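Structure record follows, encoded as structure tokens.
The values are calculated or read from the model by the stated rules, or taken from the named source; none is laboratory data. A quick note: this is a predicted structure, and the numbers were derived from the prediction, not measured. Please note: Cβ atoms are built from the backbone with ideal geometry, for glycine as well, and neighbour counts cover all protein chains shown.
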Amino acid sequence: MIVEMRRGASQVEVDQVVGKAEAYGFSVQLNMGTDKTIIAILGSNTGQVATENFAVLEGVEMVTRIMRPFKLASREFKEENSKVSAGDVEIGGERIVVMAGPCAVESKEQLTEAAWAAKEAGASMLRGGCFKPRTSPFSFQGLGESGLKILGEVGEEVGLPVVTEVMDAQQVSIVSEYAAVLQIGARNMQNFTLLNEVGKATKPVMLKRGLSSTVTEWLTAADYILSHGNDQVFLCERGIRTFEDSTRFTFDVGALPVIRRFSHLPVVADPSHAAGHFLLVPDIAKAAVAAGADGLIIEIHPDPKVALCDGLQSLTPLNFTKLMEELKTIAKAVGRYI
Ligand code: PEP
Ligand code: MN
């Protein structure tokens, strides 16, 4: 249930609504907008309480039920677009934020080269996996904690905040020491223990879409993080499983306007994992920006042919630089900049 307070409603009036909700055993989340407060009343049986029970309270403008399963991620709860801050980078503003770097941190030399290439081409964040969710246990699993140290050092040297994946609830605190953004991978989109843990973290979270998840399931997963008070959440469309196998995953370009319509959360796109091939990455990246993505996360590697992970879909520094130039025109056409 969403309780919209009147403009200028007093704190006492807000407290009365909160108190009543809590007396029913519900939990509440407040969205203190610039000119009015919105209160989400949450619980599995809010449906059993009449909206009138809240509508009669002083200072209440309107009470509505959100019929969709996601509540805190919805536009009903928050009308204006949310912005996420990672270091000095803002995601969800006018600027299209580009995060670039290798699939996996392999060595200090490899990451340093990739990071300078990313920075010089205009990227504003550095990506690099240290804990890798590989399909086979015999594939390179990432450097783990020693990779995090490299990532932290290189990010600092080059001056780019870093985004890296956290695979397990027990890793949240150590990854938080190095990362500006915690990445939840596609395979963990519905790892609820992990979502609860990053919801309690003090770092922003990038929630990637599950391989076979609907937009509704994805936004409802975001609610897990938001429900713990971490409102620094953004989404990442990275392609989904369909019958089509000419790309690694099918990039769901339509999900971008759908998210913008139903949710206030920023959404970025990962054309690399969707494409699976470096030749296809630039056009998917351009389509994403044209369709309203707030940013891109792109895999680049100084020498893709020796990459330990995802070399085929990684752009060389040269190809990345070329793409960044081309994206400027697309961004401008949709009222944004890179
Ligand atoms: C990644 O970003 O390297 C990754 C593993 O992505 P996804 O979770 O989308 O497969
Ligand atoms: Mn990868």
*A274 versus (1) farther than 21 Å from T247 by Cβ; (2) part of a helix (DSSP H, G or I); (3) within 16 Å of ligand 2 (Cβ to nearest atom): which is the lone unmet condition?*
(1)
_Looking only at region 161-171, how many residues end up being surrounded by 15 or more Cβ atoms within 10 Å (Cβ to Cβ) and over 16 Å from G147 (Cβ atoms)?_
2
_Checking F138 against (1) away from ligand 1 (no atom under 15 Å from the Cβ); (2) among the aromatic types (F, W, Y); (3) in contact with a helix residue (DSSP H, G or I) (Cβ under 7 Å, 6 or more places away or on another chain): exactly one of these is not met. Which one?_
(3)
*Matching entry among L265, L226, L219, L207 (being within 16 Å of ligand 1 (Cβ to nearest atom) and either crowded, with 24+ Cβ neighbours inside 10 Å or of a type in the set (S, T, Y) (or both))*: L207
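Residue by residue, here is whether (1) within 16 Å of ligand 2 (Cβ to nearest atom); (2) farther than 20 Å from I240 by Cα; (3) part of a loop (DSSP other than H, G, I, E, B); (4) not β-branched (V, I, T) holds:
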{"position": "V154", "(1), (2), (3), (4)": "no, yes, no, no"}
{"position": "T164", "(1), (2), (3), (4)": "yes, yes, no, no"}
{"position": "S176", "(1), (2), (3), (4)": "no, yes, no, yes"}
{"position": "R187", "(1), (2), (3), (4)": "yes, no, no, yes"}
{"position": "A201", "(1), (2), (3), (4)": "no, yes, yes, yes"}
{"position": "S213", "(1), (2), (3), (4)": "no, no, yes, yes"}
*Please report, ordered by residue number, the strands (runs of 3 or more DSSP E) entirely within region 26-110 with at least 2 residues that are within 30 Å of A307 (Cβ to Cβ) and in contact (Cβ under 8 Å) with a residue 12 or more places away in the chain.*
84-86, 89-91, 97-101
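Residue-wise test of (1) surrounded by 20 or more Cβ atoms within 10 Å (Cβ to Cβ); (2) within 14 Å of ligand 1 (Cβ to nearest atom); (3) assigned to a loop (DSSP other than H, G, I, E, B).
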{"position": "D231", "(1), (2), (3)": "no, no, yes"}
{"position": "V253", "(1), (2), (3)": "no, no, yes"}
{"position": "F278", "(1), (2), (3)": "yes, no, yes"}
{"position": "I297", "(1), (2), (3)": "yes, yes, no"}
{"position": "F320", "(1), (2), (3)": "yes, no, no"}
{"position": "L327", "(1), (2), (3)": "yes, no, no"}
_Quick test of your reading of the structure: A331 fulfils all but one of (1) small (G, A, S); (2) away from ligand 1 (no atom under 16 Å from the Cβ); (3) part of a loop (DSSP other than H, G, I, E, B). Name the failing condition by number._
(3)
*Residues that are under 20 Å from R134 (Cβ atoms) and either β-branched (V, I, T) or within 16 Å of the chain's Cα centre (by Cα) (or both), drawn from region 151-171*: V163, T164, E165, V166, M167
_Return the residues of region 50-75 that are modelled with pLDDT of 95 or more and surrounded by 15 or more Cβ atoms within 10 Å (Cβ to Cβ); say none if nothing qualifies._
T51, F54, L57, G59, V60, V63, F70, K71, L72, A73, S74, R75
_Step by step: first the residues of region 80-104, then only those that are out of contact with any His (no Cβ under 7 Å at 6 or more places or on another chain) and among the charged types (D, E, K, R), then the one that is modelled with the lowest pLDDT. Which residue is that?_
D88
*What residue, among those in region 163-195 that are touching a residue at least 60 places away in the same chain (Cβ under 8 Å) and away from ligand 1 (no atom under 11 Å from the Cβ), is nearest to F251 (Cα to Cα)?*
V181
*Any idea which of R248, R261 is more than 19 Å from V97 (Cα to Cα) and in a helix (DSSP H, G or I)?*
R261
